[in-house]
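The values are calculated or read from the model by the stated rules, or taken from the named source; none is laboratory data. Note that the structure is predicted; figures quoted are calculated from it, not measured. Cβ sites come from the backbone with ideal geometry, for glycine too, and all protein chains shown count toward neighbours. Side chains are part of the model used for accessible areas, which takes the heavy atoms of the whole protein and leaves out ligands, DNA and RNA. Shrake-Rupley method; radii C 1.70, N 1.55, O 1.52, S 1.80 Å.
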Amino acid sequence: MQQKSNIVDIAEKSGFSITTVSRVLNGKADKYRISKATQQKIKSTAEELNYVPNEFARNLRTGRSKTIALIVPSLKNPFFAEMASFINLEARKYDYITLIGDSDDDINIEKEEIIQLSSRNIDGMIIVPCGEEWEHLLKKREEGLPLICVDRYFEDLDLSFVSSNNYDGAYSASKYLIEQGHRTVACIQGVKYSTPNRQRVKGFEDAMADFGITSYTVSGDAFCEQNGYLETKLLLQQKIRPTAIFAFSNTIAMGCLKALKEEKVKIPEDISLITFDDNPYLNYIEPPLTCISQPVEDICKIAVKILFSGIVDNDKTIKRVLLKTKLKVKESVKSIPALS
């Protein structure tokens, strides 16, 4: 096994002192007025010797690990996978790496992930909380760890969060279905106690009430394909089938599509389908699904910016940010003519 080179090796080969080599490799050359030629010679030697900085030693000096943690409920869900990708990209701009944990929507796993990731001396944490419990999150913040919730959050808690305006998004989707003539609508929800789900149910039910519609249902209990599949199967057994289904996530919508296909129910001819969340693959489904698009990239950028204001500037102020959603009309909702 090839032995790792260090600054002593670089000093010996380049002919410069260990102090000069250290200053160049730690980005302090200009501060100590080290010439460009000397800098280039040292960097070339370091590259030739395949020198890799000892981050652990550097962390001991700076007191920072240059690492943040991200915990999501499921990396199998395209929404959270996309979120993880954006957050990792943004963290790199600060020269940080991201350790990613998957709680599998289980509060006990979430707590264990927090313990394990915190033991790696992380500088901050972004989390999509999976349960109703929040004490363990507030404790980490009180211990001095910069922490922010994304997507799911706690409305009345002293924890910063960035999310979408789920109420407005659900209301606009429901209003669109009503405007297209739908009067019997089924809503398939996700995790019941999560803030986004509760806000979406409220938006859906308020829209129905505002237009005087009472023939609607709310069912389901998880943001997963199986939930969408099982609930759609049950809906199709009803004597009066809904004319439209509102799926509260793209994963739920995937389950709906499978069930509808098995029962030979055509979209939108027989039943219309609208979903919360957007993803490029929705455009390749036949027909492309009308959806409520969340500004995932903006959510991630703002969350990372808030997190690093805590890490770099020790900003402890609580920030609560809700971003606007957008209705994207495609081809999965049928217009039903009003009865004369």
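Quick look at the numbers
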| read-out | value |
| --- | --- |
| Check on Phe16, open to solvent by less than 70 Å² (accessible area, probe 1.4 Å) and either at pLDDT below 90 or of a type outside the set (A, V, I, L, M) (or both) | yes |
| All positions within the stretch 137-146 that are surrounded by 14 or more Cβ atoms within 10 Å (Cβ to Cβ) and either farther than 17 Å from Val72 by Cβ or touching a residue at least 60 places away in the same chain (Cβ under 8 Å) (or both) | Leu138, Arg141, Leu145, Pro146 |
| Selection count, the stretch 283-317, where residues are part of a helix (DSSP H, G or I), of a type in the set (Asp, Glu) and open to solvent by less than 90 Å² (accessible area, probe 1.4 Å) | 2 |
| Some residue of the stretch 130-139 being farther than 21 Å from Thr317 by Cβ and either of a type in the set (Phe, Trp, Tyr) or in contact with a Phe, Trp or Tyr (Cβ under 9 Å, 6 or more places away or on another chain) (or both) | yes |
| Which numbered condition Ile336 fails, given (1) open to solvent by 50 Å² or more (accessible area, probe 1.4 Å); (2) part of a helix (DSSP H, G or I) | (2) |
| Hits in the stretch 177-231 (condition: touching a residue at least 24 places away in the same chain (Cβ under 8 Å), under 19 Å from the mean Cα position of the chain (by Cα) and open to solvent by 70 Å² or more (accessible area, probe 1.4 Å)) | Lys192, Tyr193, Glu225 |
| Qualifying positions in the stretch 195-229 - of a type in the set (Gly, Ala, Ser) and closer than 13 Å to Tyr167 by Cβ | Gly203, Ala207 |
| Residue list for the stretch 72-90, restricted to those being open to solvent by less than 50 Å² (accessible area, probe 1.4 Å), under 17 Å from Gly190 (Cβ atoms) and either touching a residue at least 24 places away in the same chain (Cβ under 8 Å) or of a type in the set (Phe, Trp, Tyr) (or both) | Val72, Pro73, Ser74, Asn77, Pro78, Phe79, Phe80, Met83 |
| Helices (runs of 4 or more DSSP H) wholly inside the stretch 27-121 that include at least 1 residues being of a type in the set (Gly, Ala, Ser), modelled with pLDDT of 90 or more and within 23 Å of Asp278 (Cα to Cα) | 78-93 |
| Yes/no for Arg320 being under 21 Å from Glu155 (Cα atoms) and either in contact with a helix residue (DSSP H, G or I) (Cβ under 8 Å, 6 or more places away or on another chain) or open to solvent by 80 Å² or more (accessible area, probe 1.4 Å) (or both) | yes |
| Ile115 vs. criteria touching a residue at least 24 places away in the same chain (Cβ under 8 Å) and β-branched (Val, Ile, Thr) | no |
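To keep it simple, each residue is scored yes or no on (1) without any contact (Cβ under 8 Å) to a residue 40 or more places away in the chain; (2) basic (Lys, Arg); (3) open to solvent by 90 Å² or more (accessible area, probe 1.4 Å).
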{"site": "Arg92", "(1), (2), (3)": "yes, yes, yes"}
{"site": "Asp95", "(1), (2), (3)": "yes, no, yes"}
{"site": "Ile109", "(1), (2), (3)": "yes, no, no"}
{"site": "Asp123", "(1), (2), (3)": "no, no, no"}
{"site": "Glu135", "(1), (2), (3)": "yes, no, yes"}
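Let's see how each residue does on (1) of a type in the set (A, V, I, L, M); (2) assigned to a helix (DSSP H, G or I):
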residue: Leu138; (1), (2): yes, yes
residue: Val162; (1), (2): yes, no
residue: Gly169; (1), (2): no, yes
residue: Ser174; (1), (2): no, yes
